[in-house]
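J.: One structure coming up, written as structure tokens, with questions to follow.
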Amino acid sequence: MEEKQKYPDHPERFEYEGQVMCREALTGRHYWEVEGTSVKNMGVAFQEVKRTGCDFQMDWSDKTWMLHNYLLHGFTFRHGHQSVYVPITFMDEQAFLARPQPMRVGMFLDWPAGILCFYWVSGDTRTLLHTFHSTFTEPVYPAFTVQAFSLTLLTVEKLETDHVPLGFTPEVSRERVGVSYSFQFPGSGLFQCSLTGLVFRATREAELTYRTQIWDEMLLLSANKQPGGPLFSIECPQDCIRELQLPHCQPEAALLPDCLSVGHITDDGMSVIPPLKVTETHVVVSVSHLSGFGVVLERIKKFLTKPIRGQVLLFLRQLQRPLSILSVILLPSNVPLQDVKEQHTSSKFIQAPSFCSFHKGKTYRLHSDPAGLTIQPKTAQFFENYGPNYHATFEITLPTRTEDVTVMVRSPEEENIWDYALHLPAPAPASPDPAVQRRLGESLSAEEKLRSVRPDFINHVSNPVLDKLLDELQHCRVISDAEADQIRTKPRAEKARELIDTVRKKGAEASSRMTSALCSNDPYLSSELGLL
């Protein structure tokens, strides 16, 4: 007769909700996989993480880095009290929903570099889900929360890291038109941008800057091509990028490598690079030097018979009258969200599961619950929009008192292909009159003006503008040579923070000179900050 045994007391045992931590401390580079039927949390933790008290949740600690649960449309990752939701726009929804049980997740730890990557493992394929960038001040331990069922920790003898990308989140800088992305690779390897989906193979430490550009329709027509993704302008002073992987949104792309290729744009025109291979999500090409690159398709009807992977984006804009406008934008899945956000800065982005499939050239309708809301236009045709403008496909006019609304995208056959129940935020208080704001700004001292714009200055000023400000302020002796040299060595955000704080502390005249220099070198940002 079996009898349940009580676990002996132990000071390192967790006393709540099946929380488990491995004994082996990890530093260096490690890879392992977890397979379980009901694993609530998985990740790593410091040894000193709290173990007692019914109020302790492993995924809400600043000493843990966790994948929390599996959601119907994506994943949630938590560290401290910050949560990042990752929708499944990067993979086929049917494959995700039909994922095998128990599900398998891979984790790669690069302890010295402060990197922890999570992968969805399906057969021999690893799909990058999310990357934590942190500073590990002590060894970490694999940790889990299991509910009722089983968990298996699988060891992998060797991870072919040369073929598995490490994720990174680039710095984003606002420019006069659009945004630019920048990142410094710590060394050789394969690196995937979390904001654009681009994958780079670097041969050594390097700096990289990239941005989206406008396709030249005449160049495309002359080559009998059409855009299959954004056009990226890529720069690397060290010239050490030897492979690019550009995201696409085509169905069964691996079966059609002759139809997918990469357009290479230079001052001499456009050439077409045949792919080394085409995966479910990317077109892989070898490159010898960098300029403009984008996925292109043959101008044939073959692709029109199958839907492409798309995304539905929601932006909420409050009007002065007691009304709000919900903008609904239908786009291919490989359009970077950050580029779309930049064109809707006066609206609030509504984070929602966005994955959907669309047929190019077909007409779609938008419906709402409750019915009777004003929706414009009545119908809209879907096309593969890769910029430069990302206007709303549909707009719904909402009375301010509206608290909940369900939005539904319907196919020509009147089937719901995407829907989302939206809980609207409380309306923001009315903005002060612009003339009043200007008078308030005029009454502030130069130091107070800089203090008031400090957060937005740090977030949005670009590296080239910072370098110009340093040159001018050093030339007019607002900052010393030593101060300028020290500030130049910092990453962009830290450079901006140290520059504005250094100048503010020097008084009214120094602050006024910096304000004037910023207005002359970046009038767009200065206007956004209210300095002009």
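J.: For segment 166-305, with the dipole built from +1 on Lys and Arg beta-carbon atoms and -1 on Asp and Glu ones, taken about the Cα centre, which of 278, 182, 168 lies farthest toward the positive end?
T.: Comparing the listed Cα positions along the dipole, 278 ranks first.
J.: Read phi for every residue in segment 482-490 and hand back ³J(HN,Hα) as whole Hz from Karplus 6.51 cos²θ - 1.76 cosθ + 1.60, θ = phi - 60°, with x for Gly and Pro.
T.: Computed from phi, the couplings for segment 482-490 are 5, 5, 5, 4, 5, 5, 4, 7, 7 Hz.
J.: Work out from phi, with θ = phi - 60° and the Karplus expression 6.51 cos²θ - 1.76 cosθ + 1.60, the ³J(HN,Hα) of each residue of segment 285-290, listed in order in whole Hz, and give x for Gly and Pro.
T.: Calculated HN-Hα couplings, in order: 9, 8, 10, 9, 8, 9 Hz.
J.: Would you grab the residues whose amide H sits under 5 Å from the one on residue 130? Only those 5+ places off in sequence or on another chain, please, with H modelled 1.01 Å from N.
T.: 118
J.: Continuing with the same structure: What residue among 525, 475, 452 has its Cα farthest toward the positive end of the dipole of segment 434-529, where the charges are +1 on Lys, Arg and -1 on Asp, Glu, each on the Cβ?
T.: 452
J.: Work out, in µm²/s and without decimals, the Stokes-Einstein translational diffusion coefficient of segment 308-423 at 37 °C, 0.692 mPa s, Rh from Kirkwood over C-alpha pairs.
T.: On the way: Rh = 14.4 Å.
Once the numbers are plugged in, D ends up at 228 µm²/s.
J.: Same structure again: Net charge within 12 Å of residue 491 by Cβ-Cβ distance, Lys/Arg positive one each and Asp/Glu negative one each, not counting residue 491 itself?
T.: Residues close to residue 491 contribute a combined charge of +1.
J.: Explain nothing, just the number: dipole magnitude of segment 166-305 about its Cα centre with +1 on each Lys and Arg Cβ and -1 on each Asp and Glu Cβ, in debye rounded to the nearest 20. Write out the running numbers ahead of the final one.
T.: Working: 11 positive and 15 negative charges, 57 e Å.
Roughly 280 debye, rounded to the nearest 20.
J.: Here is a further query. Can you tally the net charge around residue 370? Count Lys and Arg as +1, Asp and Glu as -1, for every other residue whose Cβ sits under 15 Å from the Cβ of residue 370.
T.: On the way: positive: 401; negative: 369, 403, 404, 419.
My count for the surroundings of residue 370 gives -3.
J.: For a quick check: with amide H placed at 1.01 Å from N, whose amide H comes under 5 Å from residue 350's, ignoring anything fewer than 5 positions away on the same chain?
T.: Here 314, 315, 316 satisfy the definition.
J.: Order the peptides 399-410, 167-178 from the highest to the lowest mean number of other Cβ atoms within 10 Å of their residues.
T.: In descending order of packing, they fall as 167-178, 399-410.
J.: Given labels modelled 7 Å from the Cα in the Cβ direction, how far is it in nm from residue 188 to residue 239?
T.: Going from the residue 188 label point to the residue 239 one covers 1.9 nm.
J.: Can you flag which of 225/360; 63/449; 277/306 are past 27 Å Cα-Cα? Walk me through the numbers on the way to the answer.
T.: Numbers: 225/360 16 Å; 63/449 38 Å; 277/306 21 Å.
Among 225/360; 63/449; 277/306, the Cα-Cα distance tops 27 Å for 63/449.
J.: I would also like to ask the following. Using Cα centres only, tell me the gap between segment 192-231 and segment 467-532 in whole Å.
T.: Segment 192-231 and segment 467-532 have Cα centres separated by 33 Å.
J.: Let me ask another. Using 11 Å as the cut-off for backbone N distance, which residues of segment 173-204 belong to the label zone defined by a point 7 Å from the Cα of residue 345 along Cα→Cβ?
T.: Under cut-off, by backbone N: 174-179.
J.: Tell me which residues come under 5 Å, amide H to amide H, from residue 360 once H is placed; ignore anything under 5 positions away on its chain.
T.: Those lying under 5 Å, H to H, from residue 360 are 308.
J.: Another question about this same structure. Determine ³J(HN,Hα), in whole Hz, for all residues of segment 402-417 in sequence, where each value follows from phi through the Karplus function 6.51 cos²θ - 1.76 cosθ + 1.60 and θ = phi - 60°; x replaces Gly and Pro.
T.: Going residue by residue, I get 5, 9, 9, 8, 9, 9, 10, 9, 10, 6, x, 8, 6, 9, 6, 9 Hz, with x marking Gly and Pro.
J.: Related question: Report the far tail of the P(r) of segment 434-529, meaning the percent of Cα-Cα pairs longer than 16 Å.
T.: In whole percent, the long-distance tail amounts to 52.
J.: Could I ask something else about it? Between residue 492 and residue 414, how many nm apart are label points set 7 Å from Cα along the C-beta direction?
T.: 5.0
J.: With +1 on each Lys and Arg Cβ and -1 on each Asp and Glu Cβ, and nothing else charged, work out how big the dipole of segment 308-423 is about its Cα centre, in Debye to the nearest 20.
T.: 260
Quick note: the coordinates plus some simple rules give every number you see, no bench work behind them. From a predicted model like this one, the values you see are computed outputs, not experimental measurements. For neighbour counting, all protein chains shown are included, and Cβ atoms are generated from backbone atoms with ideal geometry for every residue, glycine included.
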